[in-house]
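Taking it in order: structure first as structure tokens, then the write-up.
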Amino acid sequence: MAKTIIPIRAQGALAPVRAAPFTGGTLADTRGRRMHDLRISVTDRCNFRCVYCMPREVFDASYRFLPHGAILSFEEIARLARVFVGLGVQKIRLTGGEPLVRRDLPRLIELLAPLGAELTLTTNGSLLARHARALKAAGLHRVTVSLDSLDDATFRAMNDADFPVAKVLEGIEAAREAGLGPVKVNMVVKRGVNDGEIERMADFWRAKGAGTIARFIEYMDVGSTNGWRTDDVVPSAEIVRRISARWPLEPADANYEGEVAERWRYKDGAGEIGVISSVTQAFCSSCTRMRLSTEGALYTCLFAQGGHDLKALVRGGASDEALRNEIAAVWQAREDRYSEIRTAQTAKGRKVEMSYIGG
Ligand code: SF4
């Protein structure tokens with residue numbers, strides 16, 4: 001008998017907003033944070049089943065992904081992105097699921113490029129070797145690649161799709177050659193799974209020289225399906241200490257207000273690393289990220305329980321001004337600071353899945 005699946009995406013109620021006109025000026029939320037980054041999830045599908053994001057026991061063969069008609073078209077995404085840029089967004093990141101499984105993605109990038117925002121993409125790298133040049137030619141600026149291990153067996157176990165490391169390394173090389181660097185290489189560190197590789201990962205990308213930056217991400221309680229436990233978290237302070245013991249590090253300034261990763265430079269000039277410490281060093285006070293789901297809903301936090309439906313407006317004939325007012329109202333009402341208030345209890349709460357709104 002087919003298992004009844006509770007559609008993960010249905011858990012967060014979509015709250016329609018009927019907003020007062022936004023009269024311009026600085027758009028800030030209740031904590032004075034500006035909307036600098038927009039993360040757009042272009043698909044809820046992925047060819048991997050990473051254990052901390054899309055565990056196979058939930059996202060199995062009977063899982064119902066969004067039908068094509070339910071996801072925003074490239075034209076709808078581009079129209080919304082134009083409104084966001086008009087409201088101050090300066091950086092657009094395309095995510096998923098795995099964005100490169102969405103067909104013809106360069107066409108979307110061509111639509112977004114004229115908006116003048118920085119255009120980046122986060123990918124698992126599995127299809128990057130094939131698409132890197134076309135993405136660059138379409139106007140993409142940079143890519144970030146998730147790579148949780150250099151050990152083939154560990155990597156295959158963590159992506160749970162039996163996918164080899166070598167193919168992802170090929171993709172990163174193709175991205176560098178295509179001029180999509182510096183390529184940030186993200187490793188989600190889980191104690192007892194891949195934490196033994198922290199130094200190896202740092203060493204590997206140090207040796208590659210300029211053009212790549214290794215980043216280490218604290219394992220997070222994203223969504224409601226990854227069975228997160230505090231004991232599995234390796235604090236960034238420990239990661240920095242371990243790497244610095246081999247190759248001395250010193251703090252480096254953020255590239256801009258609200259940058260997610262904390263930067264550390266090698267004292268010997270061999271580049272830098274980044275750490276993302278949502279669990280042990282919350283950075284909500286400078287969080288400038290808005291998220292647009294594949295289905296056209298706004299999420300004001302990675303750990304949100306609910307979203308705000310924009311698609312009904314877009315498909316209901318709303319004007320750009322009406323969309324602008326809606327988006328501004330959602331941001332102005334924003335209070336999110338999940339990482340500051342995280343407890344073992346909140347970690348168990350039902351939250352939107354990362355694969356649905358992008359990391
Ligand atoms: S927990 Fe939410 S508010 Fe805090 S940094 Fe992450 S996305 Fe931003």
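The values are calculated or read from the model by the stated rules, or taken from the named source; none is laboratory data. What you see is a predicted model; the values in this text were computed from it and never measured. In this analysis, Cβ positions are derived from the backbone assuming ideal geometry, glycine residues included, and neighbour counts consider all displayed protein chains. Protein only, heavy atoms only, side chains kept; ligands, DNA and RNA dropped before computing areas. Shrake-Rupley method; radii C 1.70, N 1.55, O 1.52, S 1.80 Å.
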Taking the range 252-272 and keeping only residues that are in contact with a helix residue (DSSP H, G or I) (Cβ under 9 Å, 6 or more places away or on another chain) and within 30 Å of residue 32 (Cβ to Cβ), one is left with 254, 257, 258, 259, 262, 264
Over the range 61-84, the set of residues without any contact (Cβ under 8 Å) to a residue 40 or more places away in the chain and either over 24 Å from residue 321 (Cβ atoms) or buried (at least 17 other Cβ atoms within 10 Å of the Cβ) (or both) is 61, 65, 67, 68, 69, 74, 78
Matching residues in the range 260-283 (among the hydroxyl-bearing types (Ser, Thr, Tyr), within 16 Å of the ligand (Cβ to nearest atom) and open to solvent by less than 20 Å² (accessible area, probe 1.4 Å)) number 2
Going through the range 224-259 in order, the residues found to be in a helix (DSSP H, G or I) and under 24 Å from residue 304 (Cβ atoms) are 230, 232, 236
Check your understanding: So is residue 143 of a type in the set (A, V, I, L, M) and farther than 24 Å from residue 241 by Cα or not?
Key -> yes
Next on the checklist: Looking at the structure I just gave you, is residue 330 closer than 21 Å to residue 188 by Cα, away from the ligand (no atom under 12 Å from the Cβ) and either open to solvent by less than 40 Å² (accessible area, probe 1.4 Å) or touching a His at 6+ places or on another chain (Cβ under 8 Å) (or both)?
Outcome noted: no
Restricted to the range 308-327 and to residues being open to solvent by 40 Å² or more (accessible area, probe 1.4 Å) and either among the basic types (Lys, Arg) or under 29 Å from residue 46 (Cα atoms) (or both), the residue nearest to the ligand (Cβ to nearest atom) is 308
Restricting attention to the range 104-149, the residues that are open to solvent by less than 20 Å² (accessible area, probe 1.4 Å) and either at pLDDT below 95 or not small (Gly, Ala, Ser) (or both) number exactly 17
Within the range 177-201, the residues that are within 26 Å of residue 119 (Cα to Cα), open to solvent by less than 20 Å² (accessible area, probe 1.4 Å) and part of a helix (DSSP H, G or I) are 178
*Would you check if there is a residue in the range 284-307 being away from the ligand (no atom under 15 Å from the Cβ), part of a helix (DSSP H, G or I) and open to solvent by 60 Å² or more (accessible area, probe 1.4 Å)?*
no
